[in-house]
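Only one structure is covered here, and it is reproduced in the block below.
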């Protein structure tokens with residue numbers, strides 16, 4: 001799946017070291033609800049099983065490639081895929097910091113929304129965003145997501161609890 005200068009693609013065995021570094025970067029753990037590191041073995045098995053259908057696994061991870069620079073800059077996920085109710089959660093990470101705030105997350109989101117609504121025929125998408133993550137909040141709002149609620153004191157941090165905002169996009 002392409003949109004402008006990004007390509008969303010399936011996981012490849014060559015992505016192992018990149019995923020290992022991202023999944024074990026504890027600064028991302030707060031947004032991914034992770035509490036312990038992943039082994040290379042676990043991630044290798046995850047990649048080996050990534051060929052399975054989203055209807056079978058309930059999730060899909062796509063790598064975000066910058067086409068011109070021939071570089072993988074992040075990942076975008078579909079999770080909690082529910083084909084009966086036609087909904088799914090989405091999450092995005094632009095891990096390569098030099099590619100942040102340049103529109104690549106927006107391009108990736110456009111591509112994924114199109115895939116979810118036109119290919120998977122979903123009725124709605126949702127996401128959960130930390131209340132202090134104004135960049136992500138603005139990104140999702142820009143693409144039509146509406147805040148539908150707040151999970152109060154949902155995430156525990158070293159300095160206390162943080163709220164999580166819930167957003168939803170319904171396909172008209």
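Most exposed first by the Cβ proxy, i.e. fewest other Cβ within 10 Å, how do 75, 27 rank?
Values: 75 22, 27 6.
If I rank by nearby Cβ atoms, fewest first, I get 27, 75.
Principal axis lengths of the chain from Cα atoms, whole Å, largest first?
Reported extents, whole Å, longest axis first: 41, 39, 33.
Would you mind calculating the gained length between residue 40 and residue 67 on full extension (0.36 nm times residue separation, minus the Cα-Cα distance), in nm to one decimal?
Numbers: separation 27, 0.36 × 27 = 9.72 nm, distance 2.68 nm.
Difference between extended and current length: 7.0 nm.
Using 10 Å bins from zero, what percent of all Cα-Cα pairs in the range 41-137 falls into each bin?
With 10 Å bins starting at 0, P(r) equals 14, 43, 35, 8.
Hey, if you drop one equal point scatterer on each alpha-carbon of the range 111-167 and run the Debye formula without solvent, what base-10 log of I(q)/I(0) do you get at q = 0.14, 0.17, 0.20, 0.23 Å⁻¹?
Debye curve over Cα of the range 111-167, log10 I(q)/I(0) at q = 0.14, 0.17, 0.20, 0.23 Å⁻¹: -0.45, -0.61, -0.76, -0.90.
Can you sort 154, 22 by how many other beta carbons sit within 10 Å, fewest first? Walk me through the numbers on the way to the answer.
Numbers: 154 16, 22 19.
Ascending number of Cβ neighbours within 10 Å: 154, 22.
Throughout, read-outs are computed from the coordinates displayed, never taken from laboratory work. Predicted model only: the values in this text are computed from it and were never measured. Here the Cβ is made from the backbone with ideal geometry for all residues, glycine too, and neighbour counts use every protein chain on show.
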